[in-house]
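Every number here is computed from the coordinates shown, using simple stated rules; none is lab data. Fair warning: this is a prediction, and the values are worked out from it, not measured in the lab. Cβ sites come from the backbone with ideal geometry, for glycine too, and all protein chains shown count toward neighbours.
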Amino acid sequence: MREIYLNGRYMPLEEAKIPVLDRGFLFGDGVYEVIPVFDGRPFRLAQHMERLDNSLHSIRIGNPLELDDWERIFARLTFPTPDLDQMVYLQVTRGVDPIRNHLFAEGVAPTVFVMSWEAKPRDPAISSDGVAAVVLDDYRWQRCDIKSTALLGNVLLRQEAQDAGADEAILVRDGLVTEGSSTNAFAIQGGEILTPPKSNLLLRGVTRDLVLELAQEAGMPCAERQITRDELETADEVWICSSSREVQPVTRLDGKPVGEGVPGPLFGRIYGLFQDYKARLRSGDV
Ligand code: PLP
């Protein structure tokens, strides 16, 4: 039976219930994190918890738990195993109001929910053949830096990509790349690894930051700068990354090949560095 954490208690998933006046349900008024766990070790925990703090601060909710409490919950819901990766999902909403009202009510305790699941084994075809993406207009709101549970824009854009036969939508606002519907985006131009700078228009991905860090450590040229739609479409390589996908090569964009239409040489290097990092995390070296 799968166990979850809800408001201070552990219980089977089937028994977990949220009142219908929870603001997460009514307004999408909450934030979340997804944290990979490799062999019982959370991936970049400090960075995920810092982003949680930032998201909570942005929507004016105090962090309901101390770091120790969060860690205890994650440890209870995951287990060390070298053979499969797990994901922890946590969500904090503004809680259950006495009535439906846009304004925050006083003295309402946040709802805290944590669950975990086993990640699907990686499909080796993704790193050898790549994935397809389409370029779509980024019509989301202007606070995409908040990891909000209100994901309707992201959901619709991802579905539109799927309906077009692609795995991800890469989003463009005012002619500039922002990110994917649930990933960050990179374009390689003239040997330089480019990704849009942090701003209110994209989520600062923990995986994105690690990709940049690993590339810099390895002496690969990188820059956080705006990428135009034209630069994306003429890039030698395009990558997307997230906690669930890790780093993946985009080999078809709007039905056309990216570069040679196969994962490029820089992808091969970053993929190797990423796998090395995971191996170090599993053995407790990072
Ligand atoms: N951008 C969006 C919109 C996302 O939803 C996600 C992850 O879910 C990311 C970027 C990547 O973030 P991370 O690498 O922290 O998973």
Point to revise | Label point at Glu213 placed 7 Å out along Cα→Cβ; residues across region 31-47 whose backbone nitrogen lies under 16 Å | key: 35-38, 41-47
Check your understanding: Whole-Hz Karplus ³J(HN,Hα) for region 263-278, in order, using 6.51 cos²θ - 1.76 cosθ + 1.60 and θ = phi - 60°, x for Gly and Pro?
Key -> x, x, x, 6, 4, x, 5, 5, 4, x, 5, 5, 5, 4, 4, 4
Review point. Using modelled amide H (1.01 Å from N, peptide plane; none on Pro or chain starts), what sits under 5 Å from the amide H of Ile4, excluding residues fewer than 5 places away?
Key: Met11, Leu13
Check your understanding: From a point 7 Å beyond the Cα of Phe27 in the direction of its Cβ, which residues of region 96-125 have a backbone N at a distance under 14 Å?
Key -> 96-111
Check your understanding: Where the centroid of each part is defined by its Cα atoms, how far is region 28-63 from region 178-241 in Å?
Key -> 22
Revision key, fill the gap. Going residue by residue through region 184-190, the Karplus relation 6.51 cos²θ - 1.76 cosθ + 1.60 with θ = phi - 60° gives ³J(HN,Hα) values, rounded to whole Hz and with x marking Gly or Pro, of 9, 10, 10, 10, 10, 10, x
Review point. At what distance in angstrom do the alpha carbon centres of region 263-285 and region 12-27 lie from each other?
Key: 38
Study note, to complete from the structure: The extension gain from Asp236 to Ala125, computed as 0.36 nm times the residue separation minus the Cα-Cα distance, is 38.0 nm
Review point. Considering amide H positions built from the backbone, and no H for Pro or chain starts, which residues 5 or more places from Phe104, or on another chain, come under 5 Å of its amide H?
Key: none
Point to revise | DSSP-defined antiparallel bridges as percent of all bridges, region 94-245, nearest 5 | key: 60
Check your understanding: Looking only at region 217-235, which residues have a backbone nitrogen under 13 Å from a spot 7 Å from the Cα of Arg280 in the C-beta direction?
Key -> 217-219
**Study point:** Descending semi-axes in whole angstrom, ellipsoid equivalent of the chain, from the Cα gyration tensor
**Key:** 33, 23, 17
Check your understanding: Based solely on its DSSP helices, what 222 nm [θ] is calculated for the chain when runs of n ≥ 4 H residues each add -39,500 (n - 2.57) and the sum is averaged over all residues, nearest 500 deg cm²/dmol?
Key -> -8500 deg cm²/dmol
Revision key, fill the gap. Taking R0 as 22 Å and r as the Cβ-Cβ distance between Thr228 and Ala164, the FRET efficiency 1/(1 + (r/R0)^6), rounded to the nearest 0.05, comes to 0.50
